[in-house]
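Every read-out reported here was derived from the displayed coordinates using simple, explicitly stated rules and does not represent laboratory data. All of these numbers come straight from a predicted model, not from anything done at the bench. Note: ideal-geometry Cβ built from the backbone for every residue, glycine included; neighbour counts use all protein chains shown.
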Amino acid sequence: MARKILVTGGTGLLGRKLISNSDIDFVKVGSEIDLLADGGPRLIVELAKRHGCETLLHLAWKSNSVPDYDKSLENSQWVSISIQIARECVENGISFVGLGTGLEVDFSIHSEYVQSKRELRELLQKEIGPENMSWIRPFYIFDIHERRPRIVEALFKQSALDPLVIRFGSSEIDYISSIDVANGIMQSISANLRGTIDIGSGCLITNRVFVNAVCNNEGVKIPLILDASSGTPSSANVKSLISLGWSPTHTSRYLSL
């Protein structure tokens, strides 16, 4: 019998990619329950119990589909709500799986989004303990059809009257397809992995290489790419996932890694 997993943010980018199979049955929740409203965390866990879910995968958050998501003060509100959901899970015998970001490890980044994810992971480890949680940490997710991240959207929007310039062409990033992330989440939950679980390609490429790959694959004009760089490069440690048979197949194929 398939394990039931309740997914908050089930209608978001990653939630839509999660496909139920013989091992896992995803119960996806979108806007039906307002998690930011009073009692939202209790209601979502009660729903998980009614469906017989043994795990809650918490994807809901203000994401990069929303303008200025990385500066919004709503990020701190999501930290508080997420802690409440995790507490409710522990009290009701439900495993909690949270979603972080590979940017947590780069302390040169000071966006509200990254700092809030970093803060949430630290609070969860103190409050409910690593034995009661898993922390999925995707690195830089791309999805061509969804025009994500913003650099992809900008490539499709450029025109002769509005030419695009990529400033940080030499910045090195661990890009990972949303499909590979979803598959990694499914395999880590199936295997009951605990602690921090990185999901990335495991290698760094420059923005220049990424942009050229997108333009060549999609027939989009290659913009002017400058050689500046920013941030502290880091790649995902995917040994635990690879040991389960996972690999970043779609990413490797699309980016010719």
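Counting helices only, and only those DSSP H runs with n ≥ 4, report the 222 nm mean residue ellipticity of the chain as the sum of -39,500 (n - 2.57) divided by its residues, in deg cm²/dmol to the nearest 500. Let's see the in-between values first.
Numbers: 8 runs with 89 residues, N = 257.
The per-residue figure over the chain is -10500 deg cm²/dmol.
For Arg3 and Arg42, FRET efficiency with R0 = 22 Å and r from the beta-carbon atoms, rounded to 0.05?
So, using R0 = 22 Å, E works out to roughly 0.45.
Rounded, prolate or oblate for segment 3-138? Axes are the square roots of the Cα gyration tensor eigenvalues, ordered a ≥ b ≥ c, and the cut-off for rounded is a/c under 1.5.
Taking the square roots of the gyration eigenvalues as a ≥ b ≥ c, segment 3-138 is prolate.
Only Lys, Arg, Asp and Glu count, each charged at its Cβ (+1, +1, -1, -1), so figure out the dipole size of the chain about its Cα centre, rounded to 20 debye.
About 400 debye.
Neighbour counts of other C-beta atoms within 10 Å: give me Lys17, Lys126 arranged from fewest to most.
Ascending number of Cβ neighbours within 10 Å: Lys126, Lys17.
For Asn237 and Arg253, compute 0.36 nm times the residue count separating them, minus their Cα-Cα distance, and round to one decimal in nm.
Length gained, Asn237 through Arg253: 3.8 nm.
What size of dipole, in debye to the nearest 20, comes out for segment 3-138 about its Cα centre when the only charges are +1 on Lys and Arg C-beta atoms and -1 on Asp and Glu C-beta atoms?
Details: 16 positive and 19 negative charges, 68 e Å.
Dipole of segment 3-138, to the nearest 20 debye: 320 debye.
Antiparallel as a % of all DSSP beta bridges within the chain, to the nearest 5?
For the chain, the DSSP antiparallel bridge percentage is about 10.
Expressed in nm to one decimal, what extension gain is obtained for the pair Ser229 and Leu161 from 0.36 nm per residue of sequence separation less their Cα-Cα distance?
Answer, rounded to one decimal: 21.8 nm.
Put +1 on the Cβ of every Lys and Arg and -1 on every Asp and Glu Cβ in the chain; which of Gly195, Leu43, Asn75 then has its Cα farthest towards the positive end of the dipole?
Towards the positive end, the residue furthest out is Gly195.
With Rg and Dmax of the Cα atoms in Å in mind, check (i) 18.5, 58; (ii) 21.4, 88; (iii) 18.4, 52 and report the label derived from this structure.
This structure yields the entry labelled (i).
Given the peptides 177-185, 51-59, arrange them by the average over their residues of other C-beta atoms within 10 Å, most packed first.
177-185, 51-59
Could you work out how far the C-alpha centroid of segment 121-138 sits from that of segment 15-45, in angstrom?
About 19 Å separates the Cα centre of segment 121-138 from the one of segment 15-45.
For a quick check: with amide H placed at 1.01 Å from N, whose amide H comes under 5 Å from Ser230's, ignoring anything fewer than 5 positions away on the same chain?
Answer set, sorted by chain and number: Ser171, Glu172.
Counting other C-beta atoms within 10 Å, which of Thr196, Thr251 has the fewest, and how do the rest follow?
Exposure proxy ranking, most exposed first: Thr196, Thr251.
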